[in-house]
1. Can you compute the helix-only [θ] at 222 nm over the protein assembly as shown? Use -39500 (n - 2.57) per DSSP H run of at least 4 residues, normalise by all residues, nearest 500 deg cm²/dmol.
2. Against the longest alpha carbon principal axis of chain A, how many degrees, from 0 to 90 and to the nearest 10, is the axis of helix A:45-61 turned?
3. If we count every other residue with Cβ under 11 angstrom of B:SER36's Cβ, Lys/Arg +1 and Asp/Glu -1, where does the sum land?
4. If I take R0 = 41 Å and measure r between the Cβ atoms of A:LEU48 and B:LYS95 in this structure, what FRET efficiency does the formula 1/(1 + (r/R0)^6) give, to the nearest 0.05?
5. Per the protein assembly as shown: cysteines with no other Cys C-beta under 4.7 angstrom?
6. Treating cross-link reach as a plain straight distance, find the aspartates and glutamates whose alpha-carbon is under 19 Å from the alpha-carbon of A:LYS255, omitting any fewer than eight places away in the same chain.
7. Any chance you could get the radius of gyration and Dmax over the Cα atoms of the stretch B:26-283, in Å?
8. Which of A:LYS339/A:LYS380; A:LYS163/B:LYS120; C:LYS118/C:LYS199 have a Cα-Cα distance over 26 Å?
Amino acid sequence: MKVKYLKMIATGSAIALIAFIGIQPAKAAAKGSITLRMTMWSSNANHLALFKGLADEYKKTHPEIADIKFESLDFATYTQTLTTQIAGGKAPDLAWILEKDAQQFRKNNLLLNVLPQMQATPGYKVEEIASGSLGLWRAPRSVYGYPFSTSPFAIFYNADLIKAAGAEDPETLRAKGEWTWANAAKVAKAVADYEKGNYGLNYPTFNYTTWNGLASIWRGFGAEAWDKTGKKCTFNSKQMNNAMEFFHGMIYKDKSFPAPGVSSDFFAGNVGMSLIQLSRAANLATMKWKWGVVPLPKGPVADAQVIGQAGMAVLSKSKNRKAAADFLVFATNPENAAKYVAFFPQSRTPLMDPKVIAAASILNETQAKMIVADGISKGKILTSHPKLSSIELTVKSTLDGLWKADANVSETLNQVCTKIQPSLR
Amino acid sequence: MRHWRTGLFMAAPVLLGFIFLVLYPVVSVIRDSFTSYNPLSGEAAFIGVDNYTRLIQDETALEVAKNTLIFAAILVPVNMALALFLAVLLNLHFKGRTTFRAIFFSPVIVSTVAWTIVWKYILQDDGPLNYFIGLSGLEGNNWLRENPWPMISVVMVQVFKNLGMNMIFFLAALQGVPEEMYESSEIDGANRWQQFKKITLPFISPTILLVAILTIAGAFQVFAQVLLLTGGGPGLSTTVLSYYIFVNAFQIFDLGYASALAVCLFIFVMGLTIAQWQIRTRWVFREV
Amino acid sequence: MRSKGKKRHIRRNSKLTGWRLFGLYSLLLVMTIPFLFPTWWMFTASLKPIEEVFSFPESLIPNDFQISNYAEVFRLQPFLRQYWNSMSIALVVTLISVTISTMGGYAFARINFKWRSKLFIILLSALLMPAEVTLIPIFRLMVNTGLSDTFFPIILIPAFGAHAVVGLFLMRQFFLDFPTELEEAAEIDGLSRFRIFTKIALPLAGPAIASLAILSFLYSWNLFLEPLVFLTEPNKYTLPVVLPQFTDTYGAPIFNVQLAATSLSVIPVMIVFVMAQRHFIRGITMTGLKG
């Protein structure tokens, strides 16, 4: 009797349990039950408004979404905070991913393949995305993120300041076909005036820390951090030596590039030229002085244009992967991607049309063609590596050897390779 | 013995806290140091002494260990000597000494982060310090970028921050020195310096020992200053063990290797403390 | 209490006159510069427009007051919320750590229980334990229990961890010097040991508890490493975590706004300190490490 009784209870609870579990998915899709969270490194009010607008629109057609939260994190520590969230078991559902981290995130299986959703959505037009731009995010039969910003590095300049220094205008040089790093350095030197706190060229995101951004200089000299396989360090190459000698000369010989620990602000008006990504130059619109923009100068080896990318991805540890992927597809479909143009250069071909860009951004049509359309089609994306986090700091601390007047460039570069080569393999 | 239940009961919260937040972590960190664990890639395995073999071969770790010792070797004497010096001065009787005590103590109440942020600007190459040095006709330095200044800067920022606490400890000890002892020595014709050496120092030696132990332990924990002032640079010149552990654990998420480094730090601190305790009989004149 | 003569200062200090006094003042004044200037500079620079922060010549008083830096602090971060986080966490930590350290300190000073001295020595080892050593296992523990990115670790670690032992140590020192007569009398009256603690010892421990409370509050208020590791959402940040994060789109700090935020975090504590500094320093001296 007793056994039978126990069996009954067991069966009963099993049914209840199954029913409970069975209800779960149904419950998950119930009205307003899902809250999505996306981390981003911008706290720009316009950017936030753009994403909030997309979220509001999405919620109208998707009642199961209670809310979509956008979490602005500090840019300098963004990857650190994001990885800590993931390691701490509190991964966001969606995240902005920097180009340099893409390979590492993918290698650690942190990103979800969203290609199925993209293909299942009518009118999404994956094929519209310039294939070069998708490189970091794409594998056979999979796409791990949408590059919502494919932003070329360019030289923005203060035409008034350069004119006052009696130097030739970068745009004039470019038109003559003489826009080279060597000539850029001459312009910078003419503008630099230590007494007044004026500098010829600065590079705000580099700040002697984010060394991978130096690709915008070294690629013109034909240099790379490592070879295509990512297994052999090429910091010690002849080309890299030339590039770093050149850059070092600007800092310490010409004193036209702010040395480490010196603050400079292009937008404040005392820097002649600034190496900035287009996506970060929006406040130029409000400047009182006359500004211009040209592509990166030609190096002795190549006319190398460099692109920084930001991807939007679904994290594989998200608890609402499907809902997150659906939102990502919605937020990056052709109509919505068009809304980004004002802030972020797009890699969907119709949105690379100079007319479209000129209408939405601070650039005029000529600039838009030169910087965005040509830049993206010719340019290559910044250096990335699957083991970046363990290499990044070593390279940074070793390269510190370069940032002093009496640096031994070739020895320092050799050291970089000695130190990171074991990790690359 | 009647009250041992009450005693244990009253001490229990601290004891339990100790067990879960100090003892258990120390045991686990030793266990974890024999594993590889990366919460990002999900990798987790027992790998024996691999982390330790890697540590021995890691040139960076060697340099970091060296920096850690240099840091402590500068910080501890400078901090203690200055604190004692100020305590002696401020134990004199003059108008305004409480104000001076408060001024020297004030950075203690400011958070390390706030203190460091402000100093970072002050020490910048184009910052106020170099400006004022420039006014006097001398040339400043790039304090946070040119060796050996970064290490010295990190040490000094930490010294100014925490000096006040040690100063107060010393003041308390100095106030405990019985006046009669000076009076009798004065009759013997001892001068101030002799008095200080023969009477004051021996009398406060237990405090010196305690302050030394705490300051050394503190020196091995320096973190915010390094992260915010120099980021461990230039090169590795200011990367100390505690910061290196943080980088490996919470930036690279190589928790196994970071655990092995943490075990080293633990051994460092414990070893030094035991050593000090052992040699105390040679210079500490009274038991605490 | 040890015999501290009222005449302590009379002999040696009465000589300080004229040049000696002048020399002492000058020396001390020069030495205050690195202790005072940062606070002054922080506050004045927080009121300057960005161009002026690093302009030459350095201005000790802003030429052009820009109060909007302070408004910007609240625009860039949920600063009020973060302020509240810091404040409420510090209050909870203070409450817990004062309670348990006072009880524990009393037990170790006045109650002769089993293994007392051995336990005390073991506890003291916590004073030396670098936070970096214990943090990794605690991190794993918190992740496994789903408590990372909550206030739990940020409260538990300072309240019950190594810092509780510091508190216990200070309170033990205080109770060691406590007169025994009162307690003995109470014991004869038949009060339990715990009642003696609450009725007799506690009311007299006010000043010591006050300084312990201040130390615990400051410890939690200033805690950096633990919140940095555990808190990853801006809404949960405490002040030390958010202060370094006032950066522009290039990741470079926005000097004046960052200094405004820093001032906001420092100045209230500073004002309380200036008002209470006499009691505060005396309290610390009293509970401190006596020779």
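Read the figures in this text as sums done on the coordinates, not as results from a lab. This is a predicted model, so every value here is computed, not measured. Note that each Cβ is placed from the backbone with ideal geometry, even for glycine, and that neighbours are counted across all protein chains shown.
1. Working: 45 runs with 564 residues, N = 1004.
-17500 deg cm²/dmol, from helical runs alone.
2. It works out to around 30 degrees.
3. -3
4. Values: r = 57 Å, r/R0 = 1.40.
After rounding, the FRET efficiency stands at 0.10.
5. B:CYS264, each lacking another Cys Cβ under 4.7 Å.
6. A:GLU168, A:ASP193, A:GLU195, A:GLU245, A:ASP265, A:ASP400, A:ASP406, B:ASP125, B:ASP126, B:GLU139, B:GLU146
7. Reported Rg and Dmax, both Å: 22.0, 75.
8. Values: A:LYS339/A:LYS380 24 Å; A:LYS163/B:LYS120 35 Å; C:LYS118/C:LYS199 28 Å.
Going by Cα-Cα distance, A:LYS163/B:LYS120; C:LYS118/C:LYS199 fall outside the 26 Å limit.
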